[in-house]
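For reference, the structure discussed in these notes is given below.
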Amino acid sequence: MTRDSPPFPTRRETLACFGGGLGSIALASLLGKTEAAASTVPPHLTGRPKAKRVIYLFQSGGPSQMDLFDYKPRLNVEQGQELPESVRMGQRLTGMSGNQASLPLVGSPFQFKQHGESGTWMSELLPHTARIADEITVVRSMHTDAINHGPGVTFMQTGSQIGGRPSIGSWLSYGLGSANQNLPCFVVLVTKDMTGQPLVSRLWGSGFLPGKHDGVRFQPARDAVLYLNNPGGLDRSSRRRMLDALGDLHRMQIGKSGDDTLETRIAQYEMGFRMQSSIPEATDLSDEPESTFRLYGEDARTPGTYAANCVMARRLAERGVQFIQLYHQDWDHHGGLPGGLKRKCKETDQASAALVIDLKQRGLLDDTLVVWGGEFGRTNYCQGKFNANSFGRDHHPKCFSIWMAGGGVKAGHTHGITDDYCYNIADGAVHVHDFHATLLHLLGIDHERLTFQYQGRHFRLTDVHGHVVKDILA
């Protein structure tokens, strides 16, 4: 430094240059508003999210669309007659009904009415969902490539019929990060003691994405997350010292090997430590008022029921969890559909509607996307011998119904039209990839740009397909 050189800035002056001092640095870090952060926004983020989080109420097994949301009186008029070949058009059937000598049409035994100012048609089996008719969009024109449960559920949950791809929640964790450093970004809740098609952990797995994007399954037990709490004889301070020492060892190994997967392991250990406090608070329903159980139903008092999981989903949404996946099984009614469908609706109808009502009352519905639906629909013909009092329907991938609420979708809207036989889509078709593209769009993500390179290829949730369904956007 020469005599004519300007003096070095003081420490205080140096810090002041970086966003106006320590306070500004801290604030900018918390809010993510620095110019540097703005310049490094990932290209898949559009900056225009309508939803901050998703609650996906997945009804595994394939709910019957023409008995719930898609009113088809022609089926009742022509009940017992053969499915016209001009309608089927040689489309494949499953092995469970493909060899039947006859495919007799069967109408719904349930009454339908229009509800709300929107005039949305719904079955008598859904009296509570009918109360929120003006809050939801019913999509009657979903279709899928899969005709059996394994590939069908996998397709709806991962965008591929082949297992091993990342699930929706994992893609969102990868694309958005976490809004709460003390809770997982992606939580899974499965109704306890359910029968039906099995649900396997790969449905909420991260596939080829880093393991930190796996869904975390909560159990309906004292320890909601397995192996989270300290074993007997180990207190919290001891665990803290253990993790600090383990972290030091991992960092030494990183310095030698450059294995950055150890950084993920350190982060997961730290998340687990924080979750020891956050999980018990989030999963304890004892502080819920009586009004909650009146709204969701008495089942909500029993841990692990669908109703209790809906309450849990709302609590997690309040605490910043961005993707909450509920699974409810046994909608697969190949026989005994009238009784089986009544039972499933009784288990789910009140709590599903209550969740939407509750979110709206708390000011959360506008930025929470709620989705209800299964992996495919059911056939308009009877599987096996027809009995008006106890019949079944086979799998049908060509058209089925789901509903969505909040999070930037239209309220009191019905999208898509199926033919009079509820066999083919007449207008407004929505493929599974279109559904995924729309879901990502509502979260401010360009589905074509959210990619991950694996084995020499850039993969995405929507594969090489998918269009945003603009007609359902608010």
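Of all residues in segment 67-92, which are touching a residue at least 12 places away in the same chain (Cβ under 8 Å), outside any loop (DSSP other than H, G, I, E, B) and closer than 17 Å to I425 by Cβ?
Matches in segment 67-92: R74, L75, V87, R88.
Got a number for residues in segment 305-326 being farther than 25 Å from Q181 by Cα and surrounded by fewer than 20 Cβ atoms within 10 Å (Cβ to Cβ)? Let's see the steps before the verdict.
First, the residues of segment 305-326 that are farther than 25 Å from Q181 by Cα: 305-307.
Filter again for surrounded by fewer than 20 Cβ atoms within 10 Å (Cβ to Cβ), leaving none.
Summing the residues that are farther than 25 Å from Q181 by Cα and surrounded by fewer than 20 Cβ atoms within 10 Å (Cβ to Cβ) in segment 305-326 gives 0.
Condition (residue is basic (K, R) and crowded, with 21+ Cβ neighbours inside 10 Å) applied to segment 327-350: is it met by at least one residue? Spell out how you get there, then give the answer.
Taking segment 327-350 as the starting set, the residues that turn out to be basic (K, R) are 342-344, 346.
Add one more test, that the residue is crowded, with 21+ Cβ neighbours inside 10 Å, and what stays is 344.
Yes; the residues of segment 327-350 include at least one that is basic (K, R) and crowded, with 21+ Cβ neighbours inside 10 Å.
Condition test on T292, is it among the polar types (S, T, N, Q) and in contact (Cβ under 8 Å) with a residue 12 or more places away in the chain? I'd like the intermediate steps shown before the answer.
Details: among the polar types (S, T, N, Q): yes; in contact (Cβ under 8 Å) with a residue 12 or more places away in the chain: yes.
Judged against the criteria, T292 is a match.
With respect to Q157, determine if the residue is modelled with pLDDT under 95 and within 29 Å of L316 (Cα to Cα). Talk me through it step by step, then tell me what you get.
On the way: modelled with pLDDT under 95: no; within 29 Å of L316 (Cα to Cα): yes.
Spelling it out, it is not the case that Q157 is modelled with pLDDT under 95 and within 29 Å of L316 (Cα to Cα).
From the list D463, D446, D427, D420, which one is in contact with a strand residue (DSSP E or B) (Cβ under 7 Å, 6 or more places away or on another chain) and among the charged types (D, E, K, R)?
Values: D463 fails: in contact with a strand residue (DSSP E or B) (Cβ under 7 Å, 6 or more places away or on another chain); D446 fails: in contact with a strand residue (DSSP E or B) (Cβ under 7 Å, 6 or more places away or on another chain); D420 fails: in contact with a strand residue (DSSP E or B) (Cβ under 7 Å, 6 or more places away or on another chain).
Sole residue among the options that is in contact with a strand residue (DSSP E or B) (Cβ under 7 Å, 6 or more places away or on another chain) and among the charged types (D, E, K, R): D427.
Residues are listed down the side, and each one gets a yes or a no for (1) buried (at least 23 other Cβ atoms within 10 Å of the Cβ); (2) in contact with a Pro (Cβ under 8 Å, 6 or more places away or on another chain); (3) among the polar types (S, T, N, Q):
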position	(1), (2), (3)
H396	yes, no, no
F400	yes, yes, no
Y421	no, yes, no
D427	no, no, no
H441	yes, no, no
E448	no, no, no
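Kindly establish whether F112 is at negative phi and in contact with a strand residue (DSSP E or B) (Cβ under 6 Å, 6 or more places away or on another chain). Full working, then the answer.
Values: at negative phi: yes; in contact with a strand residue (DSSP E or B) (Cβ under 6 Å, 6 or more places away or on another chain): yes.
When the stated conditions are applied, F112 passes them.
Just to check your reading of the model, which residue among K72, K33, K50 is surrounded by 11 or more Cβ atoms within 10 Å (Cβ to Cβ), of a type in the set (K, R) and at pLDDT below 95? Steps first, answer last, please.
On the way: K72 fails: at pLDDT below 95; K50 fails: at pLDDT below 95.
One residue alone meets the criteria, K33.
Restricting attention to segment 101-116, does a residue exist that is closer than 30 Å to L203 by Cα and either surrounded by 22 or more Cβ atoms within 10 Å (Cβ to Cβ) or touching an Asp or Glu at 6+ places or on another chain (Cβ under 6 Å) (or both)? Talk me through it step by step, then tell me what you get.
Going through segment 101-116, the residues closer than 30 Å to L203 by Cα turn out to be none.
No, there is no match, as no residue in segment 101-116 is closer than 30 Å to L203 by Cα and either surrounded by 22 or more Cβ atoms within 10 Å (Cβ to Cβ) or touching an Asp or Glu at 6+ places or on another chain (Cβ under 6 Å) (or both).
Give the residues of segment 164-177 that are touching a Phe, Trp or Tyr at 6+ places or on another chain (Cβ under 9 Å) and assigned to a loop (DSSP other than H, G, I, E, B), sorted by residue number.
G164, R165, P166, S167, listed by residue number.
Can you tell me how many residues within segment 96-153 are closer than 25 Å to T368 by Cα and either modelled with pLDDT under 95 or not β-branched (V, I, T) (or both)?
Of the residues in segment 96-153, 19 are closer than 25 Å to T368 by Cα and either modelled with pLDDT under 95 or not β-branched (V, I, T) (or both).
In the set A351, A317, which member is assigned to a helix (DSSP H, G or I), in contact with a Lys or Arg (Cβ under 7 Å, 6 or more places away or on another chain), at pLDDT 95 or above and within 30 Å of L443 (Cβ to Cβ)? Explain how you work it out, then say what you get.
Values: A351 fails: in contact with a Lys or Arg (Cβ under 7 Å, 6 or more places away or on another chain).
The match here is A317.
Counting only residues that are surrounded by fewer than 17 Cβ atoms within 10 Å (Cβ to Cβ) and either at pLDDT 95 or above or in contact with a Leu (Cβ under 6 Å, 6 or more places away or on another chain) (or both), how many does segment 165-198 have?
Residues meeting the conditions: 1.
The values are calculated or read from the model by the stated rules, or taken from the named source; none is laboratory data. Quick caveat, the model's predicted, so the values are computed rather than measured. In this analysis, Cβ positions are derived from the backbone assuming ideal geometry, glycine residues included, and neighbour counts consider all displayed protein chains.
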